[in-house]
Amino acid sequence: MNETQKWPDRLWIVRHGESAGNVERERARVAEALTYDFGTRDADVPLSCLGERQADALGRWFAGLPEDERPDVFLCSPYVRARQTMQRVLQQCGIDCDRIRYDERLREREFGVFDGLTRLGVRDRYPEQAQALDLVGKFYHRPPGGESWCDVILRLRSVVDTITREYRCDRVLIVAHQVTVLCFRYLLERMSEAQVLEIDRQKDVANCAITGYGFDPALGKAGKLVLERYNFVAPLVQAGEPVTTEPDVPAGPK
């Protein structure tokens, strides 16, 4: 082990597979509805049937890596759709699911009063908040009872501290949510608000897409993590599974 290295050797950050909530939100969007309802709280929304297949395909991709290149630390959002994704990945790899470490700091962004509303619904029910969102932007705007991107970033800063303290030189797999993936990029690559929002504007993070980093000891005083791939969906394409990108976030300018 390199005593000066503070980062993992590898870090993969993955958005969960397609959820029943993603499907319902898309139906509401197409119908130009104001609300959507999947009959449970957001934390309990499960994977769709397609999401299960996407997670299995992702797991087969990880299982196909050489044994000494596969993840050996598994961190996961406690939300059901993330838990199911990680569990299915590990099952494909023949790894005991008891090794998963669930961390509430990796949870989805909390939407507050916007929860269950489409973009049209936000503008109809909360026109003043919609106007504030347009003016301030989702990086800083906090819906009543919810979180801004900055709030998510604040809790993820402590996750990064945990990773550098407990998992240096390991190979870490994280399964979480779309905003989580983007906020990790903001932190790990020291981005500005404009840079991370431009990445978000260009394309949503696909379900089961991989954002991967590798440790480069030649960078900086003690080495750094370097982005190797982003929105990598080859495992799904190779398995013949559809790539889905319906966002978790119900409202916000692009």
Taking the chain and counting helices only, DSSP H stretches of n ≥ 4 at -39,500 (n - 2.57) each over all residues, the nearest-500 ellipticity at 222 nm comes to -12500 deg cm²/dmol
Compute the angle between helix 80-93 and the longest alpha-carbon principal axis of the chain, please, reported from 0 to 90 degrees and rounded to the nearest 10. 30 degrees
Within 15 Å, Cβ to Cβ, of GLN5, how many net charges do the neighbouring residues add up to if Lys/Arg are +1 and Asp/Glu are -1? +2
Label points 7 Å out from Cα along the Cβ direction at THR162 and ALA33: separation in nm? 3.5 nm
Amide H neighbours of SER48 at under 5 Å, excluding residues fewer than 5 places away on the same chain, with H built from the backbone geometry, are SER19, ALA20
At THR245 and LEU120, where each label point lies 7 Å from the Cα along Cα→Cβ, what is the point-to-point distance in nanometres? 2.3 nm
Stretched out fully, how many nm does the piece from GLN131 to ALA43 gain, at 0.36 nm a residue minus the Cα gap? 28.9 nm
If you average the C-alpha positions of segment 18-90 and of segment 143-181 separately, how far apart do those two centres end up, in angstrom? 18 Å
Do you know the Lys pair count in the chain for C-alpha distances under 30 Å, with sequence separation 8 or more or different chains? 7
Mind pulling the angle between the C-alpha long axis of helix 149-166 and the longest principal axis of the chain? Nearest 10 degrees, somewhere in 0 to 90. 10 degrees
Loop only by DSSP, 10 or fewer other Cβ within 10 Å of the Cβ. Give me the trypsin sites (Lys or Arg not before Pro) in segment 191-240 that pass, ordered by residue number. LYS221
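Around ASP56, under 13 Å between beta carbons, what's the net of Lys plus Arg minus Asp minus Glu among the other residues? Don't jump to the answer; show the numbers that get you there.
Values: positive: ARG53, ARG60, ARG88; negative: GLU18, GLU52, GLU241.
Combined, the nearby Lys, Arg, Asp and Glu give 0.
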What is the percent carbon and sulfur in the accessible area of the chain, measuring with a 1.4 Å probe over the protein chains and ignoring ligands? 47 percent
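Mind checking the full-extension length gain between TYR140 and GLN5? Use 0.36 nm per residue of separation minus the Cα-Cα distance, one decimal, nm. Mind dumping the intermediate values first?
Numbers: separation 135, 0.36 × 135 = 48.60 nm, distance 3.34 nm.
Result: 45.3 nm gained on full extension.
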Enter the angle in degrees (range 0 to 90, nearest 10) between the Cα long axis of helix 193-202 and the first principal axis of the Cα atoms of the chain, meaning the one along which they spread out most. 80 degrees
Got a sec to turn the phi values of segment 137-144 into Karplus ³J(HN,Hα) couplings, 6.51 cos²θ - 1.76 cosθ + 1.60 with θ = phi - 60°, whole Hz, x for Gly and Pro? x, 6, 4, 10, 6, 10, x, x
Any idea how far apart ALA222 and ALA194 come out in nm if each label point goes 7 Å out from Cα toward Cβ? 3.3 nm
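Between GLN91 and LEU65, what FRET efficiency comes out of the Förster formula 1/(1 + (r/R0)^6) with R0 = 22 Å and r the beta carbon distance, rounded to 0.05? Can you show the working numbers first?
On the way: r = 16 Å, r/R0 = 0.72.
Calculated value: 0.90.
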With +1 at each Lys and Arg Cβ and -1 at each Asp and Glu Cβ, the charge dipole magnitude of segment 112-254 around its Cα centre, to the nearest 20 debye, comes out at 360 debye
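The values are calculated or read from the model by the stated rules, or taken from the named source; none is laboratory data. This structure is a prediction, so every number in the text was calculated from the model and none was measured. Glycine also receives a Cβ, built like all others from the backbone with ideal geometry; neighbour counts cover every protein chain displayed. Each accessible area value is taken on the protein alone, full model and side chains, heavy atoms only, with ligands, DNA and RNA left out. Shrake-Rupley method; radii C 1.70, N 1.55, O 1.52, S 1.80 Å.
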